[in-house]
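Values in this text are rule-based calculations from the coordinates and carry no lab data. Nothing here was measured: the structure is a model prediction, and the numbers come from that model. All Cβ positions, glycine included, derive from the backbone under ideal geometry; neighbour counts span all protein chains shown.
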Amino acid sequence: MKSFSSSSRTLRKLPRENAFYFFTSIGNYTGVSSASLKEFIEKIKEVNIKSLEFHLYRGDFQKWADETLEDLELAEKIKSLQTLKPVGNTLRDQLYFIASKRFEELERQTL
Amino acid sequence: MKMKNRGNVLDDLDWRILQVLQENAKQTYMETGHHLQVAHSTVHDRIKKMEEQGIIKKYTAIVNLERAGAKYITAIMTVFTDPKESGNVAERLSRYEAVLEVFTSLSEELLIIAKVIAEDQEKLHSFIAHSVAPLPGVLRIRTSIVTKKYKDEMFFIKGGHNPDESP
């Protein structure tokens, strides 16, 4: 379990250079970005599914969760999802589930 | 197409000197003067004046990177921007070493077109994701990786100072 301060750290608003930028392929940016875990969850629902597939299999979500949000637990859950090789809306739903569950857990820890 | 001269009046000799320099900038004033049948001191004076006026920007070597064995990829990046921020985005892009050329274009949407080089696709993507996408005013980006280059020349001044459009 994370401490109050580390939970707050994961939930913080990030500067724009540390935001997650959604691409559909090498160099093709969709215009959708998220500067917090909360925004990330919202954007999972609306971004082009090709973008979710592109980033999941490159390990970009896992890396962002670990290195930028500093949440190893979320990173591990995303890594586990990658091994299941979901595609399309199954991927969207499962990623949304993992990220939103983790968000709720972290929010509870900050109360 | 006519070449307009903005501010600095060049005469026919200036244009001919520029033409000679573009063909071979390593020529001496003497050789250039001999080629154009004018005194080398005249060539020297004209060149100095055009350097001071910024007409001659610099002397450089055109390196064939492929033959030199350099491993790199070239990409053409189209950046869609908020019209209010396009100038700032173009200027910021111009500061990066990986960005070789930057243009703005008037089409249905305001675009910035840039030529970018990188060691490989991963480094190209990393550059765009971490250095271009976060710039304020960037709305989205489309990137095409060049697979084969058929022509890569700079504009050379011809006798009439106009580009020759004939094949």
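Counting only other chain Cβ atoms within 10 Å of each residue's Cβ, the peptide B:122-131 averages 3.
Residues in segment B:16-44, backbone N under 19 Å from the label point at B:N64 (7 Å along the Cα-to-beta-carbon vector): list them, ranges by number please. Once the point is set 7 Å along Cα→Cβ of B:N64, B:23-26 turn out to lie under 19 Å by backbone N, inside segment B:16-44.
Excluding B:E51 itself, what net charge comes from residues whose Cβ is under 13 Å from its Cβ, given Lys and Arg +1 and Asp and Glu -1? Cβ neighbours under 13 Å give a net charge of +2. Working from Cα pairs under 8 Å separated by at least six residues, relative contact order for segment B:73-145 is 49 percent. For B:K58, the lysines whose Cα falls under 27 Å of its own Cα, not counting residues fewer than eight places away in the same chain, are B:K2, B:K4, B:K26, B:K48, B:K49, B:K71, B:K115, B:K149, B:K151, B:K158.
For chain B, the relative contact order is 25 percent, taking Cα pairs closer than 8 Å that sit 6 or more residues apart in sequence and dividing their mean separation by the residue count. How about A:K63: which lysines have a C-alpha closer than 18 Å to its C-alpha, ignoring those fewer than 8 places off in the same chain? Once the sequence-local lysines are set aside, what remains near A:K63 is A:K13, A:K38, A:K43, A:K77, A:K79, A:K85, B:K123.
Across all C-alpha atoms in segment B:12-52, the radius of gyration and Dmax reach 8.8, 24 Å. In terms of overall dimensions, segment A:4-110 has a Cα radius of gyration and Dmax of 12.8, 38 angstrom. Classify segment B:1-120 as rounded, prolate or oblate, taking a ≥ b ≥ c as the square roots of the eigenvalues of its Cα gyration tensor: rounded when a/c is under 1.5, otherwise prolate if a/b is larger than b/c and oblate if not. Note, shape of segment B:1-120 comes out oblate. Using a cutoff of 8 angstrom between alpha carbon atoms and counting only pairs six or more residues apart, the relative contact order for chain A works out to 31 percent. Kirkwood radius, the protein assembly as shown, all distinct C-alpha pairs, inverse of mean reciprocal distance: 22.9 Å.
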